[in-house]
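Here the structure comes first, spelled out in structure tokens, and everything after it is commentary.
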Amino acid sequence: MLAGALDVDGSTVRTSQGSFRGAAVVDATGWRAVLGSRLRPGMVRRERLNFGLETTVAYSGDGLHFWYDPRGLLAMGVTWAFPTGALARIGIGSYDGRTQLGPRLEHFLGQLGRQRNGLHGTYFPHALREPTVGDLFLVGDAAGQCLGLTGEGIRPALFFGTHLGHLLRQALDHSDHSVALSQARDAYRRLVAGYRPGYELLCLAQRALPRLPLRLVQAVMAAIEQPAVRRAVLARYIGSFPRGVPTVGHRYHPGIPADRRWEGRPRMSARDSATARPGVHAQPRLNAASESTATTIRDNRESA
């Protein structure tokens, strides 16, 4: 059944299709945090939201590209091309929540020799929110778990959602649900708190990027292009959310280092994550034969 969430009262959720009760309630309603906002008005703060707009075009490569063009297309944001098989999602995102991005996307598509094929867009948070409000759990964009700077939201949502689901399964298997759910809330809050420094670092990077001299940004990206540095950066970024999924019988240990919290979880190595090659280019381009990640820093003065 598909229903829109409207309100929550303890373990009862009121929806467009009636009211439903559950031993545990999880708000996964996206950036609006519909249930969490009902319990805590003001939870969703517009100044902590980015905005993105995308279209889908034909594309035969699998290279992942980002462009940063502060003196031309968008001072507070980036553009991207995300391959999805025979197609690619071409998009533009603003770090200040600007929503009138259609003309800028059209201009960017023209630079790439592509035409718009429909549009879809939304806000997405760049700062963590509280992962619980009263008895309510929040996960994904509802909990502000989308990453700042890169705007990546699916992987964190799967990571925290998987861990939360495991905690809730353990709690609901317990004879005393109320005590076990209280412990699950504490464990989930500790889990999220352990990742807060990384989130705050990405938020800082997002705020600082438009204020840095462009040549400095280019120099940093040129350094990241070096293989050893690239491997270290990607291993840190990708490995921050381990891809292992806990299974029945694995026990959660919130008090030990993040990379060992799940017994039996597969480890992420630097070699696993070093599958992309960022680069610095003067002009927007899509290389259909590329298998690399291209981080493009554009200087209008040099490329004019």
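We did not get these values from a lab; they are worked out from the coordinates using the rules stated. This structure is a prediction, so every number in the text was calculated from the model and none was measured. Counting neighbours? That spans all protein chains shown, and the Cβs are built from the backbone with ideal geometry, glycine included.
Structure notes:
- Among 78, 13, sorting on how many other beta-carbon atoms sit within 10 Å of each Cβ, with the fewest leading, yields 13, 78.
- Bins of 5 Å, starting at 0 and running to the largest distance - Cα pair percent for region 135-236: 2, 11, 16, 18, 15, 11, 9, 7, 5, 3, 2, 0, 0
- Sorted fewest first by neighbouring Cβ atoms within 10 angstrom, 166, 65, 177 come out as 177, 166, 65.
- Computed from label points 7 Å out along Cα-Cβ, the spacing between residue 154 and residue 224 is 2.0 nm.
- Mean silhouette area of region 86-141, derived from the convex hull of its C-alpha atoms and averaged over all directions, reads 5.9 nm².
- Think of each Lys and Arg Cβ as +1 and each Asp and Glu Cβ as -1; about the Cα centre, that makes the dipole of region 91-232 roughly 600 debye.
- Pair-distance profile P(r), taking every C-alpha pair of region 50-148, with 10 angstrom steps and integer %: 15, 41, 29, 12, 3, 0
- Least to most buried among 16, 94 (fewest other Cβ within 10 Å first): 16, 94
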